[in-house]
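Some notes on the structure that comes next.
The values are calculated or read from the model by the stated rules, or taken from the named source; none is laboratory data. This structure is a prediction, so every number in the text was calculated from the model and none was measured. Cβ sites come from the backbone with ideal geometry, for glycine too, and all protein chains shown count toward neighbours. Just so you know, the surface numbers come from the protein's heavy atoms only, side chains and all, with ligands and any DNA or RNA stripped out. Shrake-Rupley method; radii C 1.70, N 1.55, O 1.52, S 1.80 Å.
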Amino acid sequence: MSEKKFNVAVAGATGAVGNQMIACLEERNFPVKSVKFLASERSAGRQLRFKGDLIPVETLREDSFKGVDIAIFSAGGGTSEKFAPCAAKDGCVVVDNSSAWRMDPDVPLVVPEVNPHAIADYKKKGIIANPNCSTIQMLVALNPIRKKCGIRRIVVSTYQAVSGTGKKAIDELFDQTRAMLNFLDWKKNVYPHRIAFNCLPQIDKFMDNGYTKEEMKMVNETRKIFEDSSIGVTATTVRVPVFYSHSESVNVETKEYISAADVIKMLRNAPGVKVVDDPANNLYPLAIDAAGQDLTLVGRIRQDESISNGINMWVVADNIRKGAATNAVQIAEILAKDYF
Ligand code: A2P
């Protein structure tokens, strides 16, 4: 990291991801000259701690970014759509965690372990997009396979934690679970059905083709990041009563044959990956082990015996960290080091 220090803003600082972004900036010792924490008017008067100092939360406004070098956003799509261009106009580079800008051809969509070169395109709009949490962890695990033998098709089913929906959803799972275990009435506000002791095969809204927006994000973002529109991707995304970490069953059909043993060997040396694969001792990636750290855990790696070039695996990562905050801060680190 260069000696230079940066004026940094976090938009959505009071949210589940925003809180973690602040923690990541601190933990990773990002070269901060000053920080600014932004949220809605509802948070006026709150203070958040950064490196021992209490920083007042300011209301996000169009002129919040004057003098800011890098802003990391996680305040919802509508907020990013409106305020990211204001920040860019004032010369601030935005790393945006929402889906607002991801498919804009002039906005790079970046997983640092996969396509860090794409960051160079930030100059087009002053915005870099952080991919969807489920896509990030899947591509961290698949990129070494793609580079070695090419990918024809991916079939993925996800088991996604409620923290991906934000603080209100974390509270909803907690409150419903407590109510049910005490034989009390439960309420739902965030999800269309009870999430406690249940699995919901719906994440985000349904689209005309019968898939949800989350499922189509996995399709479209994978193709953009891998720079290959020919890859077939089909996804079923499911919300499960887990607080932190998304788990995914990933089936990949490669262009050239690769053995499961070679995949294991390759993934042991892959950036951002930890292979946890010891069936004899009941060891495989678990949501509870992925939570609170930054590696993507990969296990249950085995041949798909129904086709000639297929691999199955189980991929787990902390959706708030690698799926959101850590990935965004890693992008900011590359920006700071290579582009300022
Ligand atoms: P606030 O706490 O003031 O509502 P989460 O995803 O955990 O629900 O967090 C969402 C984050 O986005 C919070 O920090 C929230 O601030 C912020 N946010 C939501 N809407 C706006 C808005 N219109 N302007 C600024 N910040 C917003």
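Things to note:
- Choice from Ser43, Ser245, Ser306 showing the highest fluctuation, given a GNM over the chain with Cα pairs closer than 10 Å: Ser306
- For the chain, with all protein chains in place and a probe radius of 1.4 Å, 49% of the accessible heavy-atom surface sits on carbon or sulfur.
- The stretch 276-320 versus the stretch 56-108: alpha-carbon centroid distance in Å: 34 Å
- Choice from Lys217, Lys36, Lys124 with maximal GNM fluctuation in the chain (Cα, 10 Å cutoff): Lys124
- Beyond 19 Å in Cα-Cα separation lie the following of the pairs Lys188/Lys213; Lys147/Lys265; Lys82/Lys124; Lys187/Lys213; Lys5/Lys125; Lys147/Lys224: Lys188/Lys213; Lys187/Lys213; Lys5/Lys125.
- The chymotrypsin sites (Phe, Trp or Tyr not before Pro) of the stretch 202-300 meeting both criteria, a DSSP state outside H, G, I, E and B (loop) and at most 13 other C-beta atoms within 10 angstrom of the site's C-beta, are Tyr257.
- Extreme residue, positive dipole direction of the chain, given options Ile195, Ala9, Phe183 (C-beta unit charges): Ala9
- Simple label model, 7 Å out from Cα along Cβ direction - Asn182 to Lys205, nm: 3.6 nm
- The chymotrypsin sites (Phe, Trp or Tyr not before Pro) found in the stretch 140-185 that occupy coil by DSSP, while having at most 14 further C-beta atoms within 10 Å, are Phe183.
- Residues whose amide H lies under 5 Å from that of Ala71, counting only those 5 or more places away or on a different chain, are Ala9, Val93, Val94, Val95; hydrogens are built 1.01 Å from N in the peptide plane.
- Per-residue ellipticity at 222 nm from helix content only, as computed over the chain with -39500 (n - 2.57) for each DSSP H run of at least four residues, stands at -9000 deg cm²/dmol.
- In this structure the stretch 134-319 gives 49 Å² per residue of accessible area when probed at 1.4 Å with all protein chains present.
- When the Gaussian network model of the chain links Cα atoms closer than 10 Å, the mean-square fluctuations of Asn312, Asn282, Asn29 top out at Asn282.
- 5 angstrom amide H check on Phe50, placed H, neighbours 5+ away: Ile55
- Calculated FRET efficiency for the pair Gln293/Asp338, C-beta based, R₀ 35 Å, to 0.05: 0.85
- Sparse-neighbour loop sites [GluC sites (Glu not before Pro); the stretch 236-274; at most 14 other C-beta within 10 Å; DSSP]: Glu256
- In the stretch 134-319, the DSSP beta bridges split such that about 70 percent are antiparallel, to the nearest 5.
- Partners for Lys205 among aspartates and glutamates (Cα-Cα distance below 18 Å; same-chain residues under 8 apart left out): Glu214, Glu215, Glu221
- A simple rule links phi to the HN-Hα coupling: the Karplus curve 6.51 cos²θ - 1.76 cosθ + 1.60 with θ = phi - 60°, which for the stretch 274-287 gives 10, 7, 10, 8, 9, x, 4, 10, 6, 10, 7, x, 10, 4 Hz, with x for Gly and Pro.
- Rounded Å value of the spacing that divides the Cα centres of the stretch 152-203 and the stretch 205-236: 23 Å
- In a reduced charge model with +1 at each Lys and Arg Cβ and -1 at each Asp and Glu Cβ, the stretch 134-319 shows a dipole moment near 200 debye about its Cα centre.
- The HN-Hα couplings worked out from phi for the stretch 186-197 by the Karplus form 6.51 cos²θ - 1.76 cosθ + 1.60 (θ = phi - 60°) are 10, 10, 10, 10, 8, 9, x, 9, 5, 8, 4, 6 Hz, whole numbers, x standing for Gly and Pro.
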